[in-house]
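The values are calculated or read from the model by the stated rules, or taken from the named source; none is laboratory data. Computed from a predicted model, the values in this text were never measured in an experiment. Don't worry about glycine lacking a Cβ; one is built from the backbone with ideal geometry, like all the others, and counts go over all protein chains shown.
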Amino acid sequence: MPISTTSPTLGVGMVGYAFMGAAHSQGWRTVGRAFDLPRTPVMAAICGRDRARVDAAADRLGWAAAETDWRALIARDDVQLVDICSPGDSHAEIAIAALAAGKHVLCEKPLANTVAEAEAMVAAAEAAAGRGQLAMVGFNYRRVPALALARRLVAEGRIGTLRHVRAVYLQDWGADPELKLVWRLRKELAGSGALGDLGAHVVDLAQHLTGELITGVSAHTETFVKERPLPDGSGVGEVTVDDAALFTGRLASGALASFEVSRFATGRKNALRIELNGSDGSLAFDLERLNELEFYDGTEPASRAGFRRILVTEPDHPYLEGWWPAGHGLGYEHTFAHQARDLVHAIDAGEQPAPSFADGLQVQRVLAAIEESAEKNAVHTPVHGAQ
Ligand code: SOE
């Protein structure tokens, strides 16, 4: 449903209508009401395999039409941008086909299930860029205003030389003993477990906030529950992904980073926390308090220095110009509107949006290095007396 009658439109077609499909839909539904856009997104069609369910999703989420075959979706004349929110095993095929069909592409993270798939997607995106088409990967947490502000403060040198990145991303739904063998627990569909799902976010954030790449890692992963009941009740099946991953990394400048991601952190529902320590100060963020950023300015006299809480709701804070008066906070869903806003601007300007598919590939390479390291580290250095 167009909002502006004056700006040209951008027809969006979405693949997938589960959690991420609903979150992206919320972004497309609200973005034109919050921000002035050079093109008005039109929610042209959504795609899912089951006719009754995709029709219901189109109705509920606000899409004008529904398709049951993604090939039909990308062939539609009223779709200029394909937004991929299906499980990782389908990302490469759909993204490459959509780019070949002349569409722009937004693909949910992680970009792909393997480095080889991600490389093929980057090659397709590079070829399409020559034809004026753009491709972006959906790392939505980059668009939390407090994290966008953190990146700005790092770039302005407010924490000095980076020494540490410390990040955790914790959930607990894996701890449910009744949990079925859902797609997120099957390597052939999801690529990896907590690592690709949660680790991809913190790897991306660590690099995005600091402007540095992770150059090497050392890791441990574990699958705590090795078998789960099959969803159709026909028995049990093997869990083929990690339930948790612990890894350390070195950044290009020599700064040290540590990460923990888990689906077994009982009581932690969606706890993403990241802290940066530099020679002149520190920044700390907690997704459970996403309108806040903690800043320690080490250049202040020690007698007055201390972590200060910046309430990131001022109109001149990143993305806040579109929303409410100061003090009226935002939530998880707004990150998807911000992502849509930045992508629409990039498409209109013909400029590569960030994160690009190449950025997504780089994260994929870090994830692959973590898996390789975890395999090697499966043989631990023994602790004497503890065997
Ligand atoms: C996993 O449970 C998940 O849905 C991720 O896939 C999302 O990327 C994250 O934002 C919330 O948790």
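List of remarks:
- For region 28-84, the set of residues classified as more than 19 Å from residue 138 (Cβ to Cβ), polar (S, T, N, Q) and crowded, with 18+ Cβ neighbours inside 10 Å consists of 40 only.
- Only listed residue being more than 16 Å from the ligand (Cβ to nearest atom), more than 17 Å from residue 201 (Cβ to Cβ) and touching a residue at least 60 places away in the same chain (Cβ under 8 Å), chosen from 234, 218: 218
- A search for C-beta distances below 6 Å between a residue of region 116-129 that is not assigned by TED's automatic domain parsing to the domain that holds residue 361 and any residue that is crowded, with 21+ Cβ neighbours inside 10 Å and of a type in the set (Phe, Trp, Tyr), counting only pairs 6+ apart in sequence or on different chains, returns 121/357; 122/357; 125/357.
- Test: residue in region 101-120 that is in a helix (DSSP H, G or I), on the phi < 0 side of the Ramachandran plot and within 16 Å of the ligand (Cβ to nearest atom): no
- Residues (surrounded by fewer than 21 Cβ atoms within 10 Å (Cβ to Cβ), in contact with a Leu (Cβ under 9 Å, 6 or more places away or on another chain) and of a type outside the set (D, E, K, R)) located in region 91-121: 115
- Selection over region 126-148 of residues that are under 16 Å from residue 356 (Cβ atoms) and either within 16 Å of the ligand (Cβ to nearest atom) or buried (at least 23 other Cβ atoms within 10 Å of the Cβ) (or both) gives a count of 10.
- Against the criterion of being buried (at least 21 other Cβ atoms within 10 Å of the Cβ), within 15 Å of the ligand (Cβ to nearest atom) and more than 12 Å from residue 173 (Cα to Cα), residue 272 qualifies.
Yes/no per residue for (1) part of a helix (DSSP H, G or I); (2) over 21 Å from residue 140 (Cβ atoms); (3) under 18 Å from the mean Cα position of the chain (by Cα):
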| position | (1), (2), (3) |
| --- | --- |
| 321 | yes, no, no |
| 327 | no, yes, no |
| 355 | no, no, yes |
| 359 | yes, no, yes |
| 382 | no, yes, no |
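- Residue that is nearest to residue 273 (Cα to Cα) [pool: residues in region 163-191 that are in contact with an Asp or Glu (Cβ under 6 Å, 6 or more places away or on another chain) and either of a type in the set (Val, Ile, Thr) or away from the ligand (no atom under 11 Å from the Cβ) (or both)]: 168
- From 352, 339, residue being assigned by TED's automatic domain parsing to the domain that holds residue 199, surrounded by 12 or more Cβ atoms within 10 Å (Cβ to Cβ), within 16 Å of the ligand (Cβ to nearest atom) and touching a residue at least 60 places away in the same chain (Cβ under 8 Å): 339
- Residue among 142, 158 that alone is under 30 Å from residue 345 (Cβ atoms), part of a loop (DSSP other than H, G, I, E, B) and in contact (Cβ under 8 Å) with a residue 12 or more places away in the chain: 158
- Subset tally (residues that are closer than 26 Å to residue 366 by Cβ and in a strand (DSSP E or B)) for region 204-237: 9
- Here the condition is being assigned by TED's automatic domain parsing to the domain that holds residue 284 and crowded, with 16+ Cβ neighbours inside 10 Å; of 230, 256, 189, it holds for 189 alone.
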